[in-house]
Structure formats: structure tokens, C-alpha cells
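The values are calculated or read from the model by the stated rules, or taken from the named source; none is laboratory data. This structure is a prediction, so every number in the text was calculated from the model and none was measured. Here the Cβ is made from the backbone with ideal geometry for all residues, glycine too, and neighbour counts use every protein chain on show.
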Amino acid sequence: MVTVTVGILGTLLAVLLASCDIRSLFYFFQKVLGLLSSGVVGIFILGIFTRRTSAAAALVGTAALVWVTRFTDLYFFLYATVDIGVTVGTGFLASFLWPQRASIAALTWRGRRPNSARANDV
């Protein structure tokens, strides 16, 4: 049953890709990779380096990333760099509208403990 399901999904995906206007498979791969990995990296940077970012702000940053990827025509090597910046910038600005309610100071870069305090935990 799993094999049949995966086969049907693969066939549908192949038909979808054949009907799209894709200039090259490498260009399409770079665009998808920039979309997926840049969002994860941008959300990671938001979570580690800012104390006020909430889940809603991170989702707004990711939505802006999807908008930039969909409606701009960038050189494909720039997708990752621009998308990370858009995710972090938009997510940080959105955090002023939807701030973090719980204290997460200990989970951020500034809230980390010094090495000497961590050595005593062992």
C-alpha cells in the first residue's frame, strides 16, 4: 500500500513539474533549497539572538520569505542570502507587534551561562 501511494505521489509530482515553466532543474532546485533552508536558518537566528521573537513573528518572517521567493526574480545564488535576511528582518519587526510573552532570556545567546558555571553541572 505504501509503495502504491508513493508511486502515485511521484507520478503526480512529475506531471506537476512537467507542466511548470522551469528553465532548468538546477535553477528550480536552488530556488526550493533557498526557500526551505533559508527559512529554517532565519528562524534559528531569530530564536537564538533575539529575546522578543514569538512564534507568530517567526511565521510572519517565513511568510515574507515565501513572498520574496515567489514574486522576485533574483540570481539563484542570492536566494539563500536574501531570504535569510528577509526572514530575520521581517520576523524581528513583527516581534514588536507580537512580542514574546514568556521569559526566554535563558534560551538566547545573551542568557547563556559562562563556561565555569557549566563545568559545575557535571
Exactly one condition in (1) crowded, with 19+ Cβ neighbours inside 10 Å; (2) in a helix (DSSP H, G or I) is not met by residue 59; state its number. (1)
Of all the residues that make up segment 15-47, how many are in contact with a Ser or Thr (Cβ under 7 Å, 6 or more places away or on another chain) and more than 19 Å from residue 82 (Cα to Cα)? 0
The one condition in (1) at pLDDT 75 or above; (2) touching a Lys or Arg at 6+ places or on another chain (Cβ under 9 Å) that residue 110 fails to fulfil: (1)
Residue that is surrounded by 13 or more Cβ atoms within 10 Å (Cβ to Cβ), outside any helix (DSSP H, G or I) and not aliphatic (A, V, I, L, M), where the choices are 52, 23: 52
Of (1) loosely packed, with under 14 Cβ neighbours inside 10 Å; (2) basic (Lys, Arg); (3) closer than 26 Å to residue 17 by Cβ, residue 31 satisfies all except one. Which? (1)
For segment 19-77, give me each residue that is within 20 Å of residue 90 (Cβ to Cβ) and among the acidic types (Asp, Glu). 73
Going through segment 68-79 one residue at a time, which ones are in a helix (DSSP H, G or I) and either within 24 Å of residue 100 (Cβ to Cβ) or in contact (Cβ under 8 Å) with a residue 24 or more places away in the chain (or both)? 69, 79
